[in-house]
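S.K.: Below is a structure I'd like to ask you about.
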Amino acid sequence: MGKSYLGLALGGGGSRGVAHIGALQVLHKSGLKPDLIAGVSAGSMIGAMYAATLDPNWIENRFRELMNSDLFASFSSGTLMAGRNKETYIEKNSALEKQGYAVRLGLNESYVVPRSIIENSVEFMIPCKNFEELQIPLKVVATDIQNGEEIIHSRGDIKEALIQSSSIPGFFEATKKGSKLIVDGGVTSPIPVEILKEYAEMVMAVDITNYELKPLNQPNMIEIMRRSDIITSLRLKNNLSRQADILVKPEVSGIHWSDFDNFDKLLECGKNAMSKSLETLKNLEPRKDNIYYKLCSSLR
């Protein structure tokens, strides 16, 4: 079986995944459709919704419905923190990192938000049960933190795959499967370009990483350790994104993964980034020995 032509890699980034929606809206409007999608965390959710419906406008509307639902309201109101702290973890995230609260919580608990919340969200967002129902093949990445290996889902229960891929370590409850302890796929493959290289001639990646580093002011030990881990992660993400044949990089600097108040801004960031990338492709000389020939021709 030959390779698919265009593979689309959608990286993780929490709320910044809204930029994926904007990027898909522009890509879809151009007439291009990926032959294969690989997604991690937020990227897996958006990828699954598109692969199921081929309708990025429906995805936007569905996300807005979720944000106006009781499910999202309970998440952002702090009720999930009952028995721990009445203020929501999302609203206090930055402050918690500078206080002993996060440390004390981490010593006594393995997660903040129970798995049931992701289950309900996935149930609300995804209109099918199995990978086989999708209109575009999809690969969903998760991570077994017991051995550090990535898990690639591509058949069977799609909702279970998405739950695993979206379980941000330490924030959402991890999934236990026998000896496995499964969390967010972003731990091993934050931008799933390498996975697609084996199956697609050309890979387009949408990188929604926040590469901005704000200066540390008299950092404590925890902040220094955390910053070191962040720098390592950013280097990995940058190297992975560079392996893509076409890199779409929305301007999301300064937007935290938990910040859903920037929905419209993120949507526009995705649209602008994809528009610029496609315009660049249109201006390439369409030579038959150029890997972009087929793609460029379809854009003209």
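S.K.: Rounding to the nearest 20 debye, state how big the charge dipole of the range 223-280 is about its Cα centre with +1 on each Lys and Arg Cβ and -1 on each Asp and Glu Cβ. Display every interim value, and only then the final one.
M.R.: Working: 9 positive and 9 negative charges, 61 e Å.
Roughly 300 debye for the range 223-280.
S.K.: Points 7 angstrom from Cα along the Cβ direction at Ile145 and Arg64: gap in nanometres?
M.R.: 3.6
S.K.: Which value, in Å², gives the accessible area per residue of the chain when a 1.4 Å probe is used on the protein heavy atoms? Could you put the intermediate results ahead of the total?
M.R.: Numbers: 14720 Å² over 300 residues.
I get 49 Å² per residue for the chain.
S.K.: Among Ser241, Ser277, Ser69, which one shows the highest mean-square fluctuation when the chain is modelled as a Gaussian network with alpha-carbon springs under 10 Å?
M.R.: Result: Ser69 has the largest fluctuation of those listed.
S.K.: Any idea which of Gln135, Ala42, Val248 is furthest toward the positive side of the dipole for the chain, if Lys and Arg beta-carbons carry +1 and Asp and Glu beta-carbons -1?
M.R.: Farthest towards the positive pole: Val248.
S.K.: Still on this structure, I have one more. Given +1 on the Cβ of Lys and Arg, -1 on the Cβ of Asp and Glu, and no further charges, what dipole in debye does the range 155-300 carry about its Cα centre, rounded to the nearest 20?
M.R.: 340
S.K.: Note the full-extension length gain between Lys33 and Lys214 as 0.36 nm times their separation in residues minus their Cα-Cα distance, in nm to one decimal. Don't skip to the end; give the middle numbers.
M.R.: Details: separation 181, 0.36 × 181 = 65.16 nm, distance 3.74 nm.
Here the answer is 61.4 nm.
S.K.: For labels at Asp157 and Glu133 in the simple 7 Å Cα→Cβ model, what's the distance in nm?
M.R.: With each label point 7 Å from Cα toward Cβ, the separation is 1.4 nm.
S.K.: With Kirkwood's inverse mean 1/r over C-alpha pairs for Rh, give me the Rg to Rh ratio of the chain, two decimals please. Walk me through the numbers on the way to the answer.
M.R.: Values: Rg = 19.1 Å, Rh = 19.8 Å.
Reported Rg/Rh (Cα atoms, Kirkwood Rh): 0.97.
S.K.: Under the rule of -39500 (n - 2.57) per DSSP H run of 4 or more residues, summed and divided by the residues of the chain, what mean residue ellipticity at 222 nm is obtained, to the nearest 500 deg cm²/dmol? Provide the component values of the computation, followed by the final result.
M.R.: Values: 12 runs with 135 residues, N = 300.
Result for the chain: -13500 deg cm²/dmol, rounded to the nearest 500.
S.K.: Under 20 Å from the Cα of Lys294, which lysines turn up, not counting those fewer than eight places away in the same chain?
M.R.: Lys3, Lys29, Lys33, Lys197, Lys276, Lys282
S.K.: Taking all protein chains in place and a 1.4 Å probe, what share, in percent, of the accessible surface of the chain do carbon and sulfur account for?
M.R.: Values: 7150 of 14720 Å².
Of the solvent-accessible surface of the chain, carbon and sulfur hold 49 percent.
S.K.: Here is a follow-up. Compute the Cα gyration tensor for the range 161-300, then decide on rounded, prolate or oblate, letting a ≥ b ≥ c be the square roots of its eigenvalues: rounded whenever a/c is under 1.5, prolate when a/b is larger than b/c in the other cases, and oblate in all that remain. The partial results should precede the final answer.
M.R.: On the way: a/c = 2.16, a/b = 1.57, b/c = 1.38.
Prolate is the answer for the range 161-300, as a/c is 1.5 or above and a/b outweighs b/c.
S.K.: Still on this structure, please answer the following. Quote the relative contact order of the chain in percent (integer), defining contacts as alpha-carbon pairs under 8 Å separated by 6+ residues.
M.R.: Details: 561 pairs, mean separation 82.5, N = 300.
RCO, the chain: 28 percent.
The values are calculated or read from the model by the stated rules, or taken from the named source; none is laboratory data. Predicted model only: the values in this text are computed from it and were never measured. Quick reminder, even Gly has a Cβ in these numbers, built from the backbone with ideal geometry, and neighbours come from all protein chains shown. We work out accessible area using only protein heavy atoms, side chains counted, and drop any ligands, DNA or RNA first. Shrake-Rupley method; radii C 1.70, N 1.55, O 1.52, S 1.80 Å.
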